[in-house]
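Written below as structure tokens is the structure these notes are about.
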Amino acid sequence: MYIYETQIRVRYNETDRMGYLHHSIYAAYFEIARTEMMRNLGITYRDLEDSGIILPVYELNISFRQPAFYDDELTVKSILTMIPVIRLIIKYEVFNHDRQILCTATSTNVFVNALNRKPVRAPETVLEKFNPFFD
């Protein structure tokens, strides 16, 4: 298992009239958390895309429990429970500064050949970065 935490502060323009972090913004936060998790392992989207691999989102499921508000500092915990072979499945937990859980989510991205748009196996260079956490 591999766990990585990303800190994100809620900006004013991301809130709605109720003062809540708008539900649509969570997807962007998960994207930030996912790319930072991969960057921490030495994998960047830029390098993947330059090598001809893209990672489109296949599925995103979110369950909301409590709202986040303007200027809250959130922790987005990204949890990888299995080595990504063709699919990269990440679970997320979002906490406020009091460590109250605000929402949970799961995203599934698929490794895809950029030229023919067909699913492919994750590059060995990517798998090597994850292997130490799953031995």
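Bear in mind these aren't lab numbers, they're just calculated from the coordinates by the rules spelled out. Remember, predicted model here, so these are calculated numbers, not experimental data. When we count neighbours, we look across all protein chains shown, and the Cβ atoms used for this are built from the backbone with ideal geometry, even at glycine.
A few comments on the model shown:
- Residue within the range 50-62 that is under 26 Å from GLU14 (Cα atoms), among the charged types (D, E, K, R) and in a loop (DSSP other than H, G, I, E, B) present: no
- For the range 58-80, the tally of residues that are aromatic (Phe, Trp, Tyr) and in contact with a Phe, Trp or Tyr (Cβ under 7 Å, 6 or more places away or on another chain) stands at 2.
Yes or no, residue by residue, for (1) out of contact with any helix residue (DSSP H, G or I) (no Cβ under 8 Å at 6 or more places or on another chain); (2) touching a residue at least 12 places away in the same chain (Cβ under 8 Å):
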| site | (1), (2) |
| --- | --- |
| SER24 | yes, no |
| GLU49 | yes, yes |
| ARG65 | yes, yes |
| TYR70 | no, yes |
| THR75 | yes, yes |
